[in-house]
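The values are calculated or read from the model by the stated rules, or taken from the named source; none is laboratory data. Nothing here was measured: the structure is a model prediction, and the numbers come from that model. Cβ placement follows ideal geometry from the backbone for every residue including glycine, while neighbour counts extend to all protein chains displayed.
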Amino acid sequence: MQIYKVGGAVRDRLLGKPVTDIDWVVVGATTEEMLAKGFRPVGADFPVFLHPKSGEEYALARTERKSGRGYGGFTFHASPEVTLEEDLIRRDLTINAMAEDDQQNLTDPYHGQRDLEARLLRHVSPAFAEDPLRVLRVARFAARYAGLGFTVAPETLELMRQLSESGELEALTAERSWKEISRALMEDQPQVFIEVLRECGALKVLMPEVDALFGVPQPEAHHPEIDTGVHTLSVLEQAARHKQPLTVRWACLLHDLGKGLTPEEEWPRHIAHEHKGLKLIKAVNERFKAPKDCQELALLVGEYHTHGHRALELKPSTLLELLQSFDVYRRPQRFEEFIAACEMDARGRKGLEQRSYPQADYLRGAANAARTVAVQPLLEKGFKGPELGEAIKRERLKALKAYKEQA
Ligand code: ATP
Ligand code: MG
């Protein structure tokens, strides 16, 4: 048997990027031979094994044939006769379809190295269209390598467009989509992921609520960039620049969905968009079965981001309601993430990226003021049950009034 490094490890070495996980392909071997060498099989569908020591993935060279819709709709054929070239041709991008032996001799039948130099994300063969997940993968790689100057080859974008129009994207499971979306959002330029999806028509299928924001104007005085879609991309860009976690990036992407529902007659104003957007945020959350912390933060940021921006003008009672909604006493981290998302929203405006955001410290101070209210003295005064709750609230309100006065 011959063993080769494939995929990301080869690509990233040639790019001079750090290689984290290595995928291997094994040519000329049978399952029985792999098991005899101590490899552990993974999954029933794929001829993939884990190395007994390193735990890295070793796949038998295989060919694939489309046999139905979606990801289940594949037949695999792995045998010792399948060549390296046959295995590589079923891969998504030319830059992912290179292999390397232990002497670093490159096998590159589909010109991945040429495309690396040309900074092009190009599909290997027309079989690209057989797995709709590849649309998301290409957009994700575009987000990752945009900083190096990579773009999607026009003919690949055209295939992605056809795939998006064919209805095949709808066959993707929430789990597979979320895995790509969440990884893409954590890349250096997550806004490029959304841009590429939009360009090929996939955004309209996957997240019509986000797609609808493009072409929707906002008041120029607050939003020099005007377009809500452009604003959303900038907010995401800021979130990545400020190294925000996934929860914050997800909330940034969805925070303004309500603006897509405003009747044109009301443009460029968006009255109550925060509240109107909640059902859309919920729908997107559920469509991709986003993790609970992402879902929660997106809904909270959607509902309260304007409160965040107006923090210094809020009445103590409104401030208290805000803090209660976030349960800042038990969930301090989540409130920090809310503040971060608000700040990214404020910075995601043309020409205002560097402007300071005093609301952030003000909100932190308010949370601290409310938190200093001690329960023990109230218990000692004999308050219990709902009365205790009311008494705590009154004390917190007092603390917030004092805070606002001295701020
Ligand atoms: P990463 O750095 O994100 O791990 P990668 O290129 O190694 O990038 P993997 O998901 O680890 O991506 O997959 C390894 C290789 O398997 C890819 O480089 C590609 O050749 C192939 N591959 C993975 N998923 C697909 C797919 N859906 N369609 C076609 N080829 C795929
Ligand atoms: Mg990999």
query: Which condition breaks for Arg144 when tested against (1) more than 30 Å from Glu32 (Cα to Cα); (2) surrounded by fewer than 17 Cβ atoms within 10 Å (Cβ to Cβ); (3) within 13 Å of ligand 1 (Cβ to nearest atom); (4) charged (D, E, K, R)?
result: (2)
message: buried (at least 16 other Cβ atoms within 10 Å of the Cβ) and either among the basic types (Lys, Arg) or in contact with a strand residue (DSSP E or B) (Cβ under 9 Å, 6 or more places away or on another chain) (or both): which single residue out of Arg355, Arg330, Arg334, Arg371 fits that description?
response: Arg334
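Quick check on Ala61: is it within 13 Å of ligand 1 (Cβ to nearest atom) and in contact with an Asp or Glu (Cβ under 6 Å, 6 or more places away or on another chain)?
Numbers: within 13 Å of ligand 1 (Cβ to nearest atom): yes; in contact with an Asp or Glu (Cβ under 6 Å, 6 or more places away or on another chain): yes.
The answer is yes for Ala61.
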task: Find all pairs meeting these conditions: Cβ atoms under 8 angstrom apart; at least six residues apart or on different chains; first residue within the stretch 79-107 and assigned by TED's automatic domain parsing to the domain that holds Val124 and part of a strand (DSSP E or B); second residue modelled with pLDDT under 95 and not hydrophobic (A, V, I, L, M, F, W, C).
output: none
task: Given the conditions (1) closer than 26 Å to Glu175 by Cβ; (2) surrounded by 15 or more Cβ atoms within 10 Å (Cβ to Cβ), report the number of the one that Leu120 does not fulfil.
output: (1)
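Filter the stretch 127-141 down to residues that are of a type in the set (A, V, I, L, M) and surrounded by 24 or more Cβ atoms within 10 Å (Cβ to Cβ) and give me whichever is farthest from ligand 2 (Cβ to nearest atom). Full working, then the answer.
Taking the stretch 127-141 first, the residues of a type in the set (A, V, I, L, M) are 127, 129, 133, 135-136, 138-139.
Checking the rest, the ones that are also surrounded by 24 or more Cβ atoms within 10 Å (Cβ to Cβ) come to 135-136, 138-139.
Working: Val135: 18, Leu136: 15, Val138: 15, Ala139: 17 Å.
So, considering only residues that are of a type in the set (A, V, I, L, M) and surrounded by 24 or more Cβ atoms within 10 Å (Cβ to Cβ), the one farthest from ligand 2 (Cβ to nearest atom) is Val135.
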task: Among the residues of the stretch 199-229, write down those that are buried (at least 19 other Cβ atoms within 10 Å of the Cβ) and not in a loop (DSSP other than H, G, I, E, B).
output: Ala202, Leu203, Val205, Leu206, Glu209, Val210, Asp211, Thr228, Gly229
query: Quick one: in the stretch 104-117, which of the residues that are out of contact with any helix residue (DSSP H, G or I) (no Cβ under 6 Å at 6 or more places or on another chain), of a type in the set (S, T, N, Q) and modelled with pLDDT of 95 or more is surrounded by the fewest Cβ atoms within 10 Å (Cβ to Cβ)?
result: Asn105
- prompt: Quick one: is Val124 in contact with a Ser or Thr (Cβ under 7 Å, 6 or more places away or on another chain) and of a type in the set (A, V, I, L, M)?
  reply: yes
task: Out of the residues in the stretch 1-49 that are within 14 Å of ligand 2 (Cβ to nearest atom) and acidic (Asp, Glu), state the one that is nearest to Ala61 (Cα to Cα).
output: Asp23
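Among the residues of the stretch 14-36, write down those that are away from ligand 1 (no atom under 11 Å from the Cβ), surrounded by 13 or more Cβ atoms within 10 Å (Cβ to Cβ), free of Cβ contacts under 8 Å to residues at least 60 places away in the same chain and at negative phi.
Filtering the stretch 14-36 down to residues away from ligand 1 (no atom under 11 Å from the Cβ) leaves 14, 16, 26-36.
Still in the list and also surrounded by 13 or more Cβ atoms within 10 Å (Cβ to Cβ): 14, 26-31, 33-34.
The next check asks that each one be free of Cβ contacts under 8 Å to residues at least 60 places away in the same chain; those that pass are 26, 28-31, 33-34.
Answer for the stretch 14-36, where residues must be away from ligand 1 (no atom under 11 Å from the Cβ), surrounded by 13 or more Cβ atoms within 10 Å (Cβ to Cβ), free of Cβ contacts under 8 Å to residues at least 60 places away in the same chain and at negative phi: Val26, Ala29, Thr30, Thr31, Glu33, Met34.
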